[in-house]
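Below is one structure, written out as structure tokens, with a few remarks after it.
What follows is calculated from the coordinates using simple rules that are stated; it is not laboratory data. This one's a predicted model, so the numbers in the text were calculated from it and none came from an experiment. Note: ideal-geometry Cβ built from the backbone for every residue, glycine included; neighbour counts use all protein chains shown.
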Ligand code: MIC
Ligand code: SF4
């Protein structure tokens, strides 16, 4: 049987296991990336491993999230990251250079390579025909130390693209179509592999928009083939020598196939408060809009901003709304400026922000009370914008501009004739904001007062006892567990302080109760821990004594993070038992042997509940030792 692109790359990187669905496989990781808000912890972990330099082909450290410097904390973190990079052989992307995923796609992505990144949208680079996976910081630190990355071999799910997109319909609408079908949990344990005659009609950055938001389906990653279009993009970036052809074999068999005729895709949007709450734009027409934000790692490429510029030329932003534009990189900004395409943005009244994540993670530009905000971003979880009651819709850049001009949700196809844009054959390139990797063992690592040392954890006892501290519903996000936003994100390198905000948006009494009870259990429903890769959503709960999380199902990265920090990830053997546990119940669990099915005693209700524990041999070892770091450190001894 023929091979998929995914299998071809896995095969070349396989260091352990067998490539059949559900089996644990170990992959060699060629490249790693971190960004600042997950990076500080990842490098503290890497330093604790006692290794003198990174063992990957290429490791990169970006600064793009915590960009506001309201006090010393973020600035100190940036300086710490730069000093670590200089010591251990890591390329450093200076603050202001751009968003990690956009920069990586432009300057470093390469067909056939594996990338592990401490950010859930690392799959953006799948648009280049590579395997790019998001993970917790500790997994990325381990990859920098030369450890393979272990995962359950996912199903390879084919998405067959035919036809060509109509004017005013773009890559974002394609991935919203995929989300309509797969929902926020339909991609779990799958790799979404695109193929078919429609692929060649999409440029690499457009493919990147699609693979970026595949994350929202829960997929391990998404991937496109590497073809002539890929070659041309690499050439335009002065990197043609990095190209190799990579296509699925003709007789490949995917686990399932979703057919999408690009010509039939219409402008779509995701309604509040979930990326899979999809509706056609035409159904929402007329809804008044207070804010429009264009940018984020999903839609901030030169292609996207050229369209935005062309559509805004000679137009003014509607007086009742505020439009923000953030380019994905300095390269995008410079190329726009040189061709005169920045000017229409300025003249329209758009507020040009720094090349960074910004409003996407609630760092500035919080909407007004109860506002409708249209964003070209990838997540619209309640409260993520910084305004709890704001209603955030996710759209394409075309739909965003249509609203910015008219002041209300408008089908972009009503904007008239679709403008012609031309992409440069050669981008204007300037890598001045990258500091190349060097290894200087004598370099001093500089830590500000907000950077605390890593918490040390005891090995796991054989009897877990405690109270159910919180019972949640479906689709709890890591933003619910540990919110983003300026204030809380500045505490990413300070676990004792950030712990005070666990479940802050869900229940402000959580932290105090957890401390009083000396930890306990959390109960959840389906897709627990969806969203970001932030390991803080596991590390901080562990720090305050959370022992196990019992749910109907987990999101992949969060489950791995729980194991990494020694928290037991349990699922109900019978989902109906979710109703047999209430907040405040006292639970007891014996874990002498980490077998697949365990008996959980609900002491309050005097009943027994069967729970499943699906762990590999190594994961069991990690749970016993109190976390992955302890295991790695023991190995180094
Ligand atoms: C996000 O989009 O939620 C983030 C902020 O980029 C996170 C990383 C983080 O929490 O620092 C992600 O997607 O992994
Ligand atoms: Fe940054 Fe938003 Fe992308 Fe996360 S999703 S990396 S916050 S732009």
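Just a few scattered comments:
- Span from the the range 539-590 Cα centroid across to the the range 1-76 one, whole angstrom: 26
- Pairwise centroid distance, computed over Cα atoms, of the range 449-466 with the range 157-179, Å: 45
- The helix-based estimate of mean residue ellipticity at 222 nm for the chain, built from -39,500 (n - 2.57) per DSSP H run of four or more residues and divided by its residue count, is -8000 deg cm²/dmol to the nearest 500.
- Prolate/oblate/rounded call for the range 499-599, Cα gyration tensor, a/c under 1.5 rounded: rounded
- Whole-number percent relative contact order across the chain, with pairs defined as alpha carbons under 8 Å at least 6 apart: 15
- Listed peptides 8-15, 20-27, 53-60, 372-379 by packing density, highest first (mean Cβ within 10 Å): 372-379, 53-60, 8-15, 20-27
- For the chain, convex hull volume per residue from C-alpha positions, Å³: 140
- Using the Cβ-Cβ distance between residue 601 and residue 456 with R0 set to 22 Å, the FRET efficiency works out to roughly 0.15.
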